1. Taking strands (runs of 3 or more DSSP E) that do not extend beyond region 176-280, which have at least 1 residues that are modelled with pLDDT under 90 and among the acidic types (D, E)?
2. Of all residues in region 202-249, count the ones that are more than 20 Å from the chain's Cα centre (by Cα) and of a type outside the set (V, I, T).
3. Taking the stated definitions as given, is R194 more than 22 Å from D126 (Cβ to Cβ), exposed (fewer than 13 other Cβ atoms within 10 Å of the Cβ) and not hydrophobic (A, V, I, L, M, F, W, C)?
4. Give region 71-110 a look and list any residue that's buried (at least 18 other Cβ atoms within 10 Å of the Cβ), over 30 Å from D181 (Cα atoms) and either in contact with a Pro (Cβ under 7 Å, 6 or more places away or on another chain) or modelled with pLDDT of 90 or more (or both), or say none.
5. Take E221 and tell me if it is under 30 Å from G27 (Cβ atoms) and in contact with a helix residue (DSSP H, G or I) (Cβ under 9 Å, 6 or more places away or on another chain).
6. State whether one or more residues within region 5-17 are assigned to a strand (DSSP E or B), surrounded by fewer than 20 Cβ atoms within 10 Å (Cβ to Cβ) and among the β-branched types (V, I, T).
7. Being charged (D, E, K, R) and over 23 Å from the mean Cα position of the chain (by Cα) is the requirement here; does R199 meet it?
8. Taking the condition of being of a type outside the set (D, E) and touching a Lys or Arg at 6+ places or on another chain (Cβ under 8 Å), how many residues in region 212-242 meet it?
Amino acid sequence: MQQVVLNVKPKSTFEVPLSDGYQVYSGILAMIQQNDENVSSQIHDTRVNLISISGLLGSFAHSERKGHKKILIHENYKILIGITDPVQDDVFRSFVIPIMLDNAEIPLEQGKIVTESISDRKETFDSILKQAIESHAASISFHFVTPTCIQFRNSSITEMFPNRIAVFHSLLSKWNTTSPDFSHLDISRDDFGRYLIERPDAKTYKTHSVLVNTIFDKKKEHQRPIFKQGFTCCCTYQIDRNAPEKIKNGILALAYFAPFCGVGSSVARGCGHVEVQCER
């Protein structure tokens with residue numbers, strides 16, 4: 001798995017939605033399509049939970065237009081792309097990263113952003129497990145940077161709170177979907193509930209309605225936006241001192257995995273980007 005960091009700069013000052021991940025995702029696909037339609041289709045057709053895109057990270061100005069913010073020409077921004085699927089990892093390494101190196105232009109709705117530099121970091125499931133075993137951490141700080149939309153079971157309802165079971169079960173599902181069979185983690189929902197305590201920072205807690213897709217409405221005969229509900233906040237998860245070593249190591253491994261895969265759904269469209277810090 002790898003996390004690609006794009007340092008970008010806008011060519012002008014223009015407006016983007018407050019939840020800009022969908023535009024960034026569409027812009028990256030459009031840029032790739034100009035070079036190779038087959039690669040663009042391959043990325044678009046993959047299960048979107050195997051690629052995560054943070055959207056634009058940086059400082060913005062206020063916009064008079066409701067639901068929008070201004071991207072500033074003199075500011076630098078970052079886009080983080082996490083790839084956990086081995087097939088997509090090969091695609092990005094062999095094709096996408098090379099075309100982004102030479103001041104590639106990523107088109108957004110009202111303007112363009114240009115890649116100034118690119119870097120990446122790589123991990124394996126084995127290296128993350130080893131890191132978890134050696135860390136001896138007991139406290140995990142999650143910063144949910146972009147709106148996080150976690151589906152409740154098989155319903156259309158989303159979680160509006162960084163519930164320990166919802167957050168870590170989402171990560172567990174992504175881990176077991178992409179990791180080799182011998183690296184699968186055998187942790188139940190009850191284990192997360194029994195051995196973790198969440199302590200959210202109320203001052204940082206916000207709710208959001210996020211644009212994640214558009215579909216064609218056959219009745220009205222035009223494109224219709226699809227929104228999901230989510231939250232952002234900082235939250236500390238404390239591991240119970242009586243947690244079995246196997247459970248504790250699994251929880252820590254999922255925490256180290258989170259920045260690569262994102263939390264919840266629509267992670268390719270800018271949702272669920274997290275920053276994680278584990279402490280003794």
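1. Numbers: elements: 196-200, 206-217, 222-239, 274-279.
Hits in region 176-280: 206-217, 274-279.
2. Our first condition is that a residue be more than 20 Å from the chain's Cα centre (by Cα); within region 202-249, this holds for 202-203, 215-225, 238-249.
Adding the requirement that they be of a type outside the set (V, I, T) leaves 202-203, 216-225, 238, 240-246, 248-249.
Adding up the residues that qualify gives 22.
3. Values: more than 22 Å from D126 (Cβ to Cβ): yes; exposed (fewer than 13 other Cβ atoms within 10 Å of the Cβ): no; not hydrophobic (A, V, I, L, M, F, W, C): yes.
When the stated conditions are applied, R194 does not pass them.
4. Answer for region 71-110, where residues must be buried (at least 18 other Cβ atoms within 10 Å of the Cβ), over 30 Å from D181 (Cα atoms) and either in contact with a Pro (Cβ under 7 Å, 6 or more places away or on another chain) or modelled with pLDDT of 90 or more (or both): I71, Y77, I79, I106, L108.
5. Working: under 30 Å from G27 (Cβ atoms): yes; in contact with a helix residue (DSSP H, G or I) (Cβ under 9 Å, 6 or more places away or on another chain): no.
Criteria not met by E221.
6. Scanning region 5-17 turns up at least one residue that is assigned to a strand (DSSP E or B), surrounded by fewer than 20 Cβ atoms within 10 Å (Cβ to Cβ) and among the β-branched types (V, I, T).
7. Details: charged (D, E, K, R): yes; over 23 Å from the mean Cα position of the chain (by Cα): no.
Considered against the rule, which asks whether it is charged (D, E, K, R) and over 23 Å from the mean Cα position of the chain (by Cα), R199 comes out as no.
8. First, the residues of region 212-242 that are of a type outside the set (D, E): 212-216, 218-220, 222-239, 241-242.
Going one step further and asking which of them are touching a Lys or Arg at 6+ places or on another chain (Cβ under 8 Å), we end up with 212-216, 231-233, 235-239.
Total meeting the criteria: 13.
The values are calculated or read from the model by the stated rules, or taken from the named source; none is laboratory data. This structure is a prediction, so every number in the text was calculated from the model and none was measured. As a convention, Cβ positions derive from the backbone with ideal geometry for all residues, glycine included, and neighbour counts pool all protein chains shown.
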